[in-house]
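Taking it in order: structure first as C-alpha cells, then the write-up.
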Amino acid sequence: MEKTEYLSGEPEFLLVQMTDRDEDIRPEFEYIKDHTVRGFLMLSVRVNDWFADLSPWEAPPVFGKTPFRGGAESTLSALETEIIPEALEGLPRGVKTVLGGYSLSALFALWGGYNYEGLYGIAAASPSVWYEGWDAYIRTRRMTCKNVYLSVGDREEKAKNPVMARVGDRIRDTYSYLCSQGVSAVLEYNEGNHFRDADIRTAKAFLDIMKRDG
C-alpha cells in the first residue's frame, strides 16, 4: 500500500487514515495544523480496492453492482504488523496512534478499534455504520481503545437510499453501546448530507481525539 506522510512539529500523535487512490489528505493536514499547537505525523495509506480492502466482512452491493468483499482483516494486519510500527520507529516514545477516516474508511477505523489493541483513539467521521451486520457486531464486541469520536451529517438519515438512511439509528446505537462500555465517546452532528465538507469533518474528528487528556 502506498503511503504519504505529513509532519507538523515534534509529534505527540500519529494520525493514520486509509484513503482511496485519488484522495488527497493535504487539506485535512493543513486544517489540523491550523487548529492545534500539538505536534503530529499524519499518515495517508492508500488502498488498492476501496470496497474490498476496507470492508470487515462480505456484504451485498449498495452502490451499483459492486459488492463489499470483506478484506479488512488483511488490511488491518498490515497496519498492525508493518505500517504503524515502521511509522513509529523514528518518533519519540509515547506517541499516541489514532486511526481515522471518512465513510467506509471511518467504518474500517471503528471496526479496527474492536480488533487492534494498540490504538489511543478512533476518529470516525460519517462512518458507514449502515453496513449490513454492523448493529449485531457491536453487541458482541468490546472497543479496545478508550477514545472514540463519531460524527454524522444532519441530513444523512434522510438519504433516498434505504440502506444509507439507516445511518442515524445505527450511529446513535453505536454511540450508546460505546458509552455503556465506559468508552469516552463523542457524537457530533454536522450540517448537510454525507458528501459535504468531508475533509473538514475528518480533520475535526482527529482534532477531537488530540484534545483529550490521558
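The values are calculated or read from the model by the stated rules, or taken from the named source; none is laboratory data. On a predicted model such as this, the values are computed, not experimentally measured, just so you know. When we count neighbours, we look across all protein chains shown, and the Cβ atoms used for this are built from the backbone with ideal geometry, even at glycine.
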Among the residues of segment 158-173, how many are β-branched (V, I, T) and part of a helix (DSSP H, G or I)? 2
Taking only pairs six or more apart or across chains, which ones have beta-carbon atoms under 7 Å, a first residue in segment 199-213 that is aromatic (F, W, Y), and a second residue that is surrounded by 22 or more Cβ atoms within 10 Å (Cβ to Cβ)? F206/L15; F206/I32; F206/V98; F206/G100; F206/A123
Quick one: would you say A109 is out of contact with any Ser or Thr (no Cβ under 6 Å at 6 or more places or on another chain) and farther than 23 Å from H194 by Cβ? no
Name every residue in segment 190-214 that is in a helix (DSSP H, G or I), over 22 Å from A165 (Cα atoms) and of a type in the set (K, R), in order of residue number. K204
Within segment 15-60, can you find the residues that are closer than 24 Å to D135 by Cα, of a type in the set (G, A, S) and over 17 Å from the mean Cα position of the chain (by Cα)? A59
For S151, the lone unmet condition from (1) of a type in the set (S, T, N, Q); (2) under 14 Å from the mean Cα position of the chain (by Cα); (3) assigned to a loop (DSSP other than H, G, I, E, B); (4) closer than 22 Å to E28 by Cβ is (3)
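Let's see how each residue does on (1) surrounded by fewer than 18 Cβ atoms within 10 Å (Cβ to Cβ); (2) in contact (Cβ under 8 Å) with a residue 60 or more places away in the chain; (3) touching a Pro at 6+ places or on another chain (Cβ under 6 Å); (4) not aromatic (F, W, Y):
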{"residue": "T81", "(1), (2), (3), (4)": "yes, no, no, yes"}
{"residue": "T97", "(1), (2), (3), (4)": "no, yes, no, yes"}
{"residue": "L104", "(1), (2), (3), (4)": "no, no, no, yes"}
{"residue": "F108", "(1), (2), (3), (4)": "no, yes, no, no"}
{"residue": "A124", "(1), (2), (3), (4)": "no, yes, no, yes"}
{"residue": "Y131", "(1), (2), (3), (4)": "no, yes, no, no"}
{"residue": "T140", "(1), (2), (3), (4)": "yes, no, no, yes"}
{"residue": "E156", "(1), (2), (3), (4)": "no, no, no, yes"}
Show me the helices (runs of 4 or more DSSP H) entirely contained within segment 8-101 in which 2 or more residues are of a type in the set (D, E). 26-34, 84-89
Residues that are part of a helix (DSSP H, G or I), out of contact with any helix residue (DSSP H, G or I) (no Cβ under 7 Å at 6 or more places or on another chain) and under 20 Å from I25 (Cα atoms): does segment 109-119 have at least one? yes
Can you tell me which residues in segment 48-74 are under 24 Å from T4 (Cβ atoms) and buried (at least 23 other Cβ atoms within 10 Å of the Cβ)? D53, L54, S55, A72
Mind listing just one residue for me: the one in segment 169-206 that is of a type in the set (D, E, K, R) and more than 20 Å from E132 (Cβ to Cβ) and, of those, surrounded by the most Cβ atoms within 10 Å (Cβ to Cβ)? R201
The residue from L14, L104, L110 that alone is more than 20 Å from I138 (Cβ to Cβ) and modelled with pLDDT of 95 or more is L14
Residues of segment 110-122 being without any contact (Cβ under 8 Å) to a residue 60 or more places away in the chain and under 15 Å from L54 (Cβ atoms), in sequence order, are W111, G112, G113, Y114, N115, Y116
